[in-house]
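I have placed the structure first, in the form of C-alpha coordinates, so that the comments after it can refer back to it.
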Amino acid sequence: MCFYITTTLPKDTDIDSIKTILDRYNMAFSPINNINLSSQLRLGELYFRATKDYCDCDTSLGILNRESEYQMLLSSKKVKTLKKKKWTESEIDEWIRKKLQKKPSHSKRSITEKERQLDIDRWVNFILEIINSNKATRIGILKHWYRYGLHDEEITIKRTVKSYIDEAKSGLFLDLEEDVLYEFFPRYKFS
(Lines give C-alpha, C1' and ligand atoms only; values in the text may rest on other atoms or scores of the structure.)
Protein backbone atom coordinates (compact mmCIF):
# COMPACT_ATOMS: atom_id res chain seq x y z
CA MET A 1 0.00 0.00 0.00
CA CYS A 2 1.94 3.09 1.28
CA PHE A 3 4.45 4.53 3.70
CA TYR A 4 3.06 6.77 6.41
CA ILE A 5 4.95 8.81 8.97
CA THR A 6 3.23 8.87 12.34
CA THR A 7 4.06 10.80 15.49
CA THR A 8 3.67 10.48 19.22
CA LEU A 9 3.36 13.15 21.88
CA PRO A 10 2.92 13.00 25.66
CA LYS A 11 -0.71 12.69 26.79
CA ASP A 12 -0.70 16.14 28.41
CA THR A 13 0.30 17.96 25.19
CA ASP A 14 -2.13 20.70 24.15
CA ILE A 15 -2.36 20.25 20.38
CA ASP A 16 -4.01 23.64 19.92
CA SER A 17 -0.93 25.30 21.41
CA ILE A 18 1.26 23.92 18.59
CA LYS A 19 -1.19 24.51 15.69
CA THR A 20 0.86 27.38 14.23
CA ILE A 21 3.97 25.16 14.18
CA LEU A 22 2.00 22.33 12.54
CA ASP A 23 0.67 24.70 9.87
CA ARG A 24 4.11 26.20 9.20
CA TYR A 25 5.50 22.73 8.39
CA ASN A 26 2.37 21.43 6.60
CA MET A 27 1.63 18.86 9.29
CA ALA A 28 -1.86 17.49 9.90
CA PHE A 29 -1.49 15.62 13.20
CA SER A 30 -4.72 13.69 12.58
CA PRO A 31 -5.40 11.39 15.56
CA ILE A 32 -5.07 7.64 14.99
CA ASN A 33 -6.74 5.08 17.21
CA ASN A 34 -4.67 1.96 16.57
CA ILE A 35 -5.13 -0.33 19.58
CA ASN A 36 -2.27 -2.59 18.51
CA LEU A 37 0.26 0.24 18.34
CA SER A 38 -1.11 2.15 21.34
CA SER A 39 -0.47 -0.93 23.51
CA GLN A 40 3.25 -0.51 22.74
CA LEU A 41 3.36 3.19 23.73
CA ARG A 42 3.30 4.91 27.11
CA LEU A 43 -0.14 4.88 28.75
CA GLY A 44 -2.30 7.62 27.21
CA GLU A 45 0.34 8.63 24.64
CA LEU A 46 -1.11 10.67 21.76
CA TYR A 47 -0.67 9.09 18.32
CA PHE A 48 -1.06 10.97 15.01
CA ARG A 49 -0.72 10.76 11.27
CA ALA A 50 1.95 13.43 10.78
CA THR A 51 1.60 15.00 7.33
CA LYS A 52 -1.21 16.38 5.19
CA ASP A 53 0.04 14.46 2.14
CA TYR A 54 -2.01 11.63 0.60
CA CYS A 55 0.75 9.28 1.72
CA ASP A 56 4.43 9.54 2.65
CA CYS A 57 5.89 7.28 -0.03
CA ASP A 58 8.00 10.15 -1.33
CA THR A 59 9.46 11.02 2.06
CA SER A 60 13.21 11.36 2.38
CA LEU A 61 13.06 9.93 5.90
CA GLY A 62 14.99 6.68 5.85
CA ILE A 63 15.80 6.93 2.15
CA LEU A 64 19.34 5.67 2.76
CA ASN A 65 18.22 2.76 4.96
CA ARG A 66 17.57 -0.35 2.90
CA GLU A 67 17.50 -2.86 5.79
CA SER A 68 13.99 -4.22 5.12
CA GLU A 69 14.78 -4.72 1.44
CA TYR A 70 18.05 -6.41 2.42
CA GLN A 71 16.14 -8.81 4.70
CA MET A 72 13.59 -9.58 1.96
CA LEU A 73 16.38 -10.42 -0.49
CA LEU A 74 18.17 -12.48 2.15
CA SER A 75 15.12 -14.74 2.47
CA SER A 76 14.42 -14.87 -1.28
CA LYS A 77 14.45 -17.95 -3.53
CA LYS A 78 17.47 -16.53 -5.35
CA VAL A 79 19.55 -16.51 -2.14
CA LYS A 80 18.43 -20.06 -1.35
CA THR A 81 19.69 -21.05 -4.80
CA LEU A 82 23.00 -19.26 -4.17
CA LYS A 83 23.38 -21.13 -0.87
CA LYS A 84 22.80 -24.44 -2.67
CA LYS A 85 25.59 -23.38 -5.04
CA LYS A 86 27.83 -23.09 -1.94
CA TRP A 87 28.10 -19.28 -1.93
CA THR A 88 29.55 -17.97 1.33
CA GLU A 89 27.67 -15.53 3.59
CA SER A 90 30.02 -12.72 2.56
CA GLU A 91 29.48 -13.44 -1.15
CA ILE A 92 25.71 -13.39 -0.63
CA ASP A 93 25.98 -10.17 1.40
CA GLU A 94 28.03 -8.54 -1.39
CA TRP A 95 25.53 -9.72 -4.05
CA ILE A 96 22.58 -8.26 -2.08
CA ARG A 97 24.33 -4.93 -1.47
CA LYS A 98 25.22 -4.57 -5.18
CA LYS A 99 21.64 -5.39 -6.13
CA LEU A 100 20.30 -2.75 -3.71
CA GLN A 101 22.70 -0.13 -5.06
CA LYS A 102 21.25 -0.58 -8.55
CA LYS A 103 17.62 -0.72 -7.39
CA PRO A 104 15.65 2.49 -6.70
CA SER A 105 13.99 2.79 -3.28
CA HIS A 106 10.20 2.46 -2.62
CA SER A 107 9.68 6.06 -3.71
CA LYS A 108 7.07 6.50 -6.45
CA ARG A 109 9.01 9.29 -8.11
CA SER A 110 12.58 10.37 -8.32
CA ILE A 111 13.41 13.36 -6.22
CA THR A 112 16.41 15.54 -6.66
CA GLU A 113 19.14 15.85 -4.07
CA LYS A 114 17.93 19.39 -3.35
CA GLU A 115 14.32 18.21 -2.80
CA ARG A 116 15.60 15.45 -0.52
CA GLN A 117 17.59 17.93 1.56
CA LEU A 118 14.64 20.34 1.76
CA ASP A 119 12.42 17.51 3.04
CA ILE A 120 14.99 16.44 5.65
CA ASP A 121 15.54 20.06 6.73
CA ARG A 122 11.77 20.46 7.12
CA TRP A 123 11.62 17.48 9.49
CA VAL A 124 14.70 18.52 11.48
CA ASN A 125 13.43 22.09 11.87
CA PHE A 126 9.91 20.92 12.72
CA ILE A 127 11.12 18.67 15.53
CA LEU A 128 13.50 21.35 16.82
CA GLU A 129 10.70 23.90 16.87
CA ILE A 130 8.24 21.58 18.65
CA ILE A 131 10.74 20.78 21.40
CA ASN A 132 12.10 24.33 21.68
CA SER A 133 8.54 25.69 22.00
CA ASN A 134 8.32 23.99 25.41
CA LYS A 135 4.79 22.85 24.44
CA ALA A 136 5.85 19.18 24.38
CA THR A 137 8.42 17.37 26.50
CA ARG A 138 9.18 14.92 23.69
CA ILE A 139 8.08 13.98 20.18
CA GLY A 140 8.31 10.60 18.51
CA ILE A 141 8.29 9.69 14.82
CA LEU A 142 7.66 6.30 13.25
CA LYS A 143 7.86 5.24 9.60
CA HIS A 144 5.87 2.17 8.59
CA TRP A 145 4.91 0.50 5.31
CA TYR A 146 1.15 0.03 5.69
CA ARG A 147 -0.53 -2.94 4.06
CA TYR A 148 -3.92 -2.19 5.63
CA GLY A 149 -5.48 0.85 7.28
CA LEU A 150 -3.91 3.29 9.73
CA HIS A 151 -6.35 2.25 12.48
CA ASP A 152 -6.16 -1.53 12.10
CA GLU A 153 -2.58 -2.24 10.90
CA GLU A 154 -0.72 -4.74 13.08
CA ILE A 155 2.56 -2.92 13.81
CA THR A 156 5.36 -4.17 15.99
CA ILE A 157 7.77 -1.48 17.13
CA LYS A 158 11.23 -3.03 16.82
CA ARG A 159 12.74 -0.70 19.42
CA THR A 160 12.69 2.88 20.64
CA VAL A 161 15.65 5.18 19.97
CA LYS A 162 15.82 8.07 22.43
CA SER A 163 17.83 11.12 21.38
CA TYR A 164 18.43 14.61 22.65
CA ILE A 165 17.20 17.34 20.34
CA ASP A 166 20.74 18.41 19.43
CA GLU A 167 21.24 14.94 17.92
CA ALA A 168 18.41 15.59 15.42
CA LYS A 169 20.64 15.87 12.34
CA SER A 170 20.15 15.12 8.64
CA GLY A 171 22.10 11.86 8.78
CA LEU A 172 19.82 10.40 11.44
CA PHE A 173 16.72 11.20 9.39
CA LEU A 174 18.18 9.94 6.11
CA ASP A 175 19.03 6.62 7.75
CA LEU A 176 15.77 6.32 9.73
CA GLU A 177 14.79 2.69 10.11
CA GLU A 178 11.25 1.46 9.51
CA ASP A 179 9.22 0.37 12.54
CA VAL A 180 11.60 2.03 14.99
CA LEU A 181 10.15 4.77 17.19
CA TYR A 182 12.54 7.74 17.31
CA GLU A 183 11.88 9.96 20.32
CA PHE A 184 13.43 13.41 20.71
CA PHE A 185 13.85 15.14 24.07
CA PRO A 186 15.09 18.57 25.11
CA ARG A 187 18.57 18.79 26.59
CA TYR A 188 18.24 20.69 29.82
CA LYS A 189 21.18 22.84 30.84
CA PHE A 190 21.78 23.28 34.54
CA SER A 191 24.01 26.11 35.71
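The values are calculated or read from the model by the stated rules, or taken from the named source; none is laboratory data. Predicted model, so just to flag it, every value in this text is computed and none were measured. Note: ideal-geometry Cβ built from the backbone for every residue, glycine included; neighbour counts use all protein chains shown.
Observations on the model:
- Selection count where residues are assigned to a helix (DSSP H, G or I), at pLDDT 80 or above and not small (Gly, Ala, Ser), scope region 74-92: 11
- Selection count where residues are within 18 Å of Ile157 (Cα to Cα), without any contact (Cβ under 8 Å) to a residue 60 or more places away in the chain and assigned to a loop (DSSP other than H, G, I, E, B), scope region 1-39: 1
- Restricting attention to region 1-37, the residues that are under 20 Å from the mean Cα position of the chain (by Cα) and hydroxyl-bearing (Ser, Thr, Tyr) total 6.
- Exclusive hit being in a strand (DSSP E or B) and either more than 25 Å from Ile131 (Cα to Cα) or of a type in the set (D, E, K, R) (or both), set Arg42, Arg49: Arg49
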